1. If you average 1/r over all unlike Cα pairs in the stretch 47-139 and invert the result, what Kirkwood radius do you get in angstrom?
2. For Gln21 paired with Thr50, estimate the spin-label separation in nm (one decimal), with each label point 7 Å from Cα along the Cα-to-Cβ line.
3. Quantify, in whole percent, the carbon and sulfur part of the accessible surface of the chain (1.4 Å probe; protein heavy atoms only).
4. Cross-link candidates for Lys159: which aspartates and glutamates have Cα within less than 20 Å, leaving aside residues fewer than 8 places away along the same chain?
5. How much area per residue is accessible in the chain when the probe is 1.4 Å and only protein heavy atoms are counted (Å²)?
6. Once Rh for the chain is found with the Kirkwood sum over Cα pairs, what is the Stokes-Einstein diffusion coefficient at 20 °C and 1.002 mPa s, in µm²/s?
7. Write out the chymotrypsin sites (Phe, Trp or Tyr not before Pro) in the stretch 122-177 meeting two conditions: DSSP loop, and at most 13 other Cβ atoms within 10 Å of their Cβ.
8. Which FRET efficiency value, to the nearest 0.05, is calculated for Thr88 and Leu57 with the Förster distance at 30 angstrom and r the Cβ-Cβ distance?
Amino acid sequence: NNGDEFVTSRDITLTLTQSDQGSGIKEVRYQVEGGVWTNWEAASSEKSLTLADQDGLQTVLYEVKDNTDKISQFSDAITLDRSLPTGTIEVNDGDPYSTSRDVTLTLTGADETSGLDQMRFSQDGGASWTPWEDFSATKDLTLQGADGPKTVRMELKDKAGNTDSFQDPITLDLDTPTGSV
């Protein structure tokens, strides 16, 4: 997959080269993560393969046979990551109200396969997001709009590109009570 370190699908494409100065290339074959070798076939510059049905690092072996039946073996590895990152978000330590637009988010995040990469935030239901930034355990944020219920969403992205979002509500209350005696 063009040298990618991670992939989110089992389907991959190998970019291949082969040469033999002597008798020439006869055929090639492939093996994915210790599985069964494919049948010998004509050499090509690309080959589509399917990774094993397990997340994690997988090795692909490539054998090249010349016309005298000498074989050379090559390998490369890629990490299959189909799992979503996990996380939590708390606005102002879970307080139900904020009397200030400026709040502090307490965040957790993890990814079991490729590792956590970045985070971003939305206050309008995911229609617009802040730019991606490196993950951190806290984030200062300014609440937008008029007084009332707000939902702050955090989207996490792992190094393979998988994303998931998490949210926490808070009510913004800037107005002071009114009354008369």
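The values are calculated or read from the model by the stated rules, or taken from the named source; none is laboratory data. Here the structure is a predicted model, which is why all the values come from computation and not from measurement. Here the Cβ positions follow ideal geometry from the backbone for every residue, glycine too, while neighbour counts run over all protein chains shown. Note: areas computed on protein heavy atoms with side chains; ligands, DNA, RNA excluded. Shrake-Rupley method; radii C 1.70, N 1.55, O 1.52, S 1.80 Å.
1. On the way: mean 1/r = 0.0566 Å⁻¹.
Radius from the Kirkwood sum: 17.7 Å.
2. Each label point lies 7 Å from its Cα, and together they span 4.1 nm.
3. Working: 4590 of 10510 Å².
Its accessible area is 44 percent carbon and sulfur atoms.
4. Asp4, Glu5, Asp11, Asp53, Asp55, Asp76, Asp81, Asp111, Glu112, Asp117, Glu133, Asp134
5. Values: 10510 Å² over 181 residues.
Each residue of the chain exposes 58 Å² on average to a 1.4 Å probe.
6. Details: Rh = 20.2 Å.
Stokes-Einstein gives a translational diffusion coefficient of 106 µm²/s.
7. Values: sites: Trp129, Trp132, Phe135, Phe166; in loops: Trp129, Trp132, Phe135.
For chymotrypsin sites (Phe, Trp or Tyr not before Pro) across the stretch 122-177 that sit outside H, G, I, E and B with at most 13 neighbouring Cβ atoms in 10 Å, the list reads Trp132.
8. Numbers: r = 28 Å, r/R0 = 0.93.
That gives a FRET efficiency of 0.60.
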